[in-house]
1. To the nearest 0.05, how large is the calculated FRET efficiency for His63 and Arg12 if R₀ is 25 Å and r is the Cβ-Cβ distance?
2. Which percent of Cα pairs goes in each bin when the distances of the stretch 32-98 are cut into 5 angstrom slices starting at zero?
3. Go through Gly11, Val91, Cys46 and say which Cα lies farthest out towards the positive end of the charge dipole of the chain; charges sit on Cβ, +1 for Lys and Arg, -1 for Asp and Glu.
4. Under the definition of Cα pairs under 8 Å and six or more residues apart, what whole-number percent is the relative contact order of the chain?
5. Could you give the dipole magnitude of the chain about its Cα centre, charging the beta-carbon of Lys and Arg +1 and that of Asp and Glu -1, in debye to the nearest 20?
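Since every read-out is calculated from the coordinates, none of them should be taken as a lab result. What you see is a predicted model; the values in this text were computed from it and never measured. Please note: Cβ atoms are built from the backbone with ideal geometry, for glycine as well, and neighbour counts cover all protein chains shown.
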Amino acid sequence: RRGQRLGRPAGRDPLSRPRLVILRRGGTAHALLTITEAGNFPARQCRPRTAVALRVVPPGAAHAAFIPLRFAACSRRGPSYLHIRVVRPGVGIPGVSQ
C-alpha cells in the first residue's frame, strides 16, 4: 500500500521460448500469470501479506505500470509464488491461454 515490493519478481516459464510480438495499432497481446497461494508456503519462509497491485514492466518499456489486484503474497524473497509465460499475440482467455 505504501509502494513496497513484496517477495520475489515473477519467475519466467523455462519451457516457453520468447519471440518477438509486433502489434499493429489497436492490436492485442497477452501473457499468462500464475499466482501460487501464499498459504502453501511455511509462514516463516513466506511471511504472508496482502498485495494490492501488480507492478508490470512490458517488454521493451522503461517504466512500470501498476495493475490493481488484491491477493495473498509472500513478503519475504524466499519462495517464488508468481510465474509468467511469454507474451503471445491476441486476446488471452484466463485459465485457458497457452
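1. Step by step, r from the Cβ atoms, then E = 0.80.
2. 3, 15, 20, 23, 19, 12, 6, 1, 0
3. The residue sitting farthest along the positive end of the dipole is Cys46.
4. Answer for the chain is 46 percent.
5. On the way: 18 positive and 2 negative charges, 69 e Å.
With only Lys, Arg, Asp and Glu charged at Cβ, the dipole is about 320 debye.
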